[in-house]
Amino acid sequence: MAHGIRINENACRGCVNCIKVCPTEAMRVIHGKVRILEDRCIGCGECIRSCRHRALSLQENDWDKVSSVRPITLASDPALFTQFPWSPNPAILDQALRGLGFEPIFEECSMVYDLAALAISRAIENGSATDLPMISTYCPAVVRLVQIKFQELLSHLAPVESPLETCIDLWRARHNKHDVPASLVVACPARVAMVEDPVGRDVSSADFVISTARITREILSRSHGIQESAERKAKDSRWLNWAMLGGETRHILHFAERPLRTLAVSGMKNVISLLQDIELHRMKGLDFVELRACDLGCIGGISNAESRFLSRLKIENYGYSPELSEEERETLESLYEAKIWKLQEEIRSIEQIPLGRDMAKAMEKLEELHSVYAELPHLDCGTCGRPSCRIMAEDIVRGEGSVDDCIFRLREKIAALSEEINGLSRRLVHTMTPEEKYENK
């Protein structure tokens, strides 16, 4: 399973900072080098933030390769528009991207984000009360977190495809350009993983991924010809707001036919805390939750170049125009009836590797795990290369580690061996007397 993170082993110092921040305990440091467990990683990027040696980075495609492909279209999360010194007007960025040889599909993006908001609002109104609150599927890191750690909440996930996938499909269908490759600009590893190993569909609509930082650098290096007098379109303000926390919720409320109780939460600790509350049925009466792994939403993505606080300010200053023209409403209804917004496949749980092949073997291994864990110091120091003593016990039981990997147990063993060697050195051969031993010295 893809995780969207590139590892530079030559740069890794084995500092174990990454294993301490991973919310799903997917990181290991073995023989001084970092390793990622693919079946546990959600691509949130917290490990990249913590790495001071740049041993971890976004696994994007090579820029020279992508820029050599022509024709090529480009889609992006609206957070990209906030990375520049000018207004986050898509019309301005459109001309910059065309100067680089890309064909942006922002017109389809604005339509599809309207469509996603409409589809979610109707799914809430027409769905079962037992599956509320509905959980946004816009953040792929949150979706994978539910698949791995909160599998009882899978039915709560909104049955709506990511607008970033749908806009590419719509553009190809409208212009009959099914053979034109598409590039997706991403701000986090989870979006990379969404392309390499999509959830809810067999194959991603995107063919390449480029980091926000890379495309921003290329645009700024050639920004001398950018015209900032481009016309501002009201419909752009709606989907631009999805880049920051609360934007999706605001958009959904615009289409809702009844008042909805909603929450918008960002940051992994807060997201996990809220999911735990939902799992424990503490959020009764809530209709929708917008969850983002990155602080303040996608503008806080690890690959963004601009400050998330300035990005939020730019979007807020850009304004918000909820009005739709009659033509836009008709187009939206026809797209809704076509169900291009709907997930192609049901989102399923990501099964973790069991301790044993059958129940009896698994129970035996579990008892062994508890026994090993009881012998460990329970300090969760990370010097063994695991995030906690319990995870270390699990790795030992799986045959992927040794008790001697624990520095405290190793120190105790060395001390015991030292005492034994010291005692042996004082022992006499049976045929020698103490005097003879002294004389032989």
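The values are calculated or read from the model by the stated rules, or taken from the named source; none is laboratory data. Just so it is clear, the model here is predicted, and its values are computed rather than measured. Neighbour counts run over all protein chains shown; Cβ positions are idealised from the backbone, glycine included.
Taking region 64-82 on its own, how many of its residues are surrounded by 15 or more Cβ atoms within 10 Å (Cβ to Cβ) and more than 14 Å from Ala206 (Cα to Cα)?
So the count comes out to 6.
Kindly evaluate Asp404 against the criterion of being in a helix (DSSP H, G or I) and surrounded by fewer than 13 Cβ atoms within 10 Å (Cβ to Cβ).
For Asp404, the condition - in a helix (DSSP H, G or I) and surrounded by fewer than 13 Cβ atoms within 10 Å (Cβ to Cβ) - is met.
Answer yes if at least one residue in region 69-83 is basic (Lys, Arg), at pLDDT below 95, out of contact with any Cys (no Cβ under 8 Å at 6 or more places or on another chain) and not in a helix (DSSP H, G or I), and no otherwise.
yes
Can you list residue pairs whose Cβ atoms sit under 6 Å apart, with the first residue in region 373-401 being over 16 Å from Gly14 (Cβ atoms) and the second being surrounded by fewer than 19 Cβ atoms within 10 Å (Cβ to Cβ) and of a type in the set (Phe, Trp, Tyr)? Count only pairs 6 or more apart in sequence or on different chains.
Pro377/Phe408; Arg390/Tyr373; Ala393/Tyr373
May I ask you to verify whether Asp62 is free of Cβ contacts under 8 Å to residues at least 40 places away in the same chain and either under 24 Å from Ala193 (Cα atoms) or touching a strand residue (DSSP E or B) at 6+ places or on another chain (Cβ under 6 Å) (or both)?
Yes: the conditions hold for Asp62.
Here is a list of conditions, (1) over 29 Å from His254 (Cβ atoms); (2) among the basic types (Lys, Arg); (3) assigned by TED's automatic domain parsing to the domain that holds Ser237, and Arg54 meets all of them except one; can you say which number that is?
Failing condition for Arg54: (3).
Where in region 298-391 are there helices (runs of 4 or more DSSP H), lying wholly inside it, with at least 3 residues that are assigned by TED's automatic domain parsing to the domain that holds Ser155 and within 30 Å of Pro85 (Cβ to Cβ)?
Hits in region 298-391: 308-318.
Kindly check whether there is at least one residue in region 37-50 that is among the charged types (D, E, K, R), buried (at least 20 other Cβ atoms within 10 Å of the Cβ), in contact with a Cys (Cβ under 7 Å, 6 or more places away or on another chain) and in the same structural domain as Lys314 (by TED's automatic domain parsing).
No; the residues of region 37-50 include none that is among the charged types (D, E, K, R), buried (at least 20 other Cβ atoms within 10 Å of the Cβ), in contact with a Cys (Cβ under 7 Å, 6 or more places away or on another chain) and in the same structural domain as Lys314 (by TED's automatic domain parsing).
Looking only at residues in region 275-318 that are of a type outside the set (A, V, I, L, M, F, W, C) and in contact with a Gly (Cβ under 6 Å, 6 or more places away or on another chain), which one is surrounded by the fewest Cβ atoms within 10 Å (Cβ to Cβ)?
Asp295
For (1) under 24 Å from Ala116 (Cβ atoms); (2) surrounded by 13 or more Cβ atoms within 10 Å (Cβ to Cβ), each residue gets a yes or a no:
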site	(1), (2)
Glu337	yes, no
Glu345	yes, no
Ile353	no, no
Met359	no, no
Leu369	no, yes
Tyr373	no, yes
His378	no, no
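Filter region 11-36 for residues that are buried (at least 22 other Cβ atoms within 10 Å of the Cβ) and farther than 28 Å from Leu291 by Cβ and give the result.
Scanning region 11-36 gives a single hit, Val29.
Would you mind stating whether Ala55 is touching a helix residue (DSSP H, G or I) at 6+ places or on another chain (Cβ under 9 Å), closer than 22 Å to Trp242 by Cβ and among the hydrophobic types (A, V, I, L, M, F, W, C)?
For Ala55, the condition - touching a helix residue (DSSP H, G or I) at 6+ places or on another chain (Cβ under 9 Å), closer than 22 Å to Trp242 by Cβ and among the hydrophobic types (A, V, I, L, M, F, W, C) - is not met.
Being at positive phi and either in contact with a Leu (Cβ under 8 Å, 6 or more places away or on another chain) or part of a helix (DSSP H, G or I) (or both) is the filter here, so list the residues in region 270-297 that pass it.
Those that are at positive phi and either in contact with a Leu (Cβ under 8 Å, 6 or more places away or on another chain) or part of a helix (DSSP H, G or I) (or both): Leu296, Gly297.
Yes/no matrix, rows are residues, columns are (1) farther than 15 Å from Cys44 by Cβ; (2) free of Cβ contacts under 8 Å to residues at least 40 places away in the same chain:
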position	(1), (2)
Ala264	yes, yes
Gly267	no, yes
Asn270	no, yes
Leu275	no, no
Leu280	yes, yes
Gly285	yes, yes
Phe288	yes, no
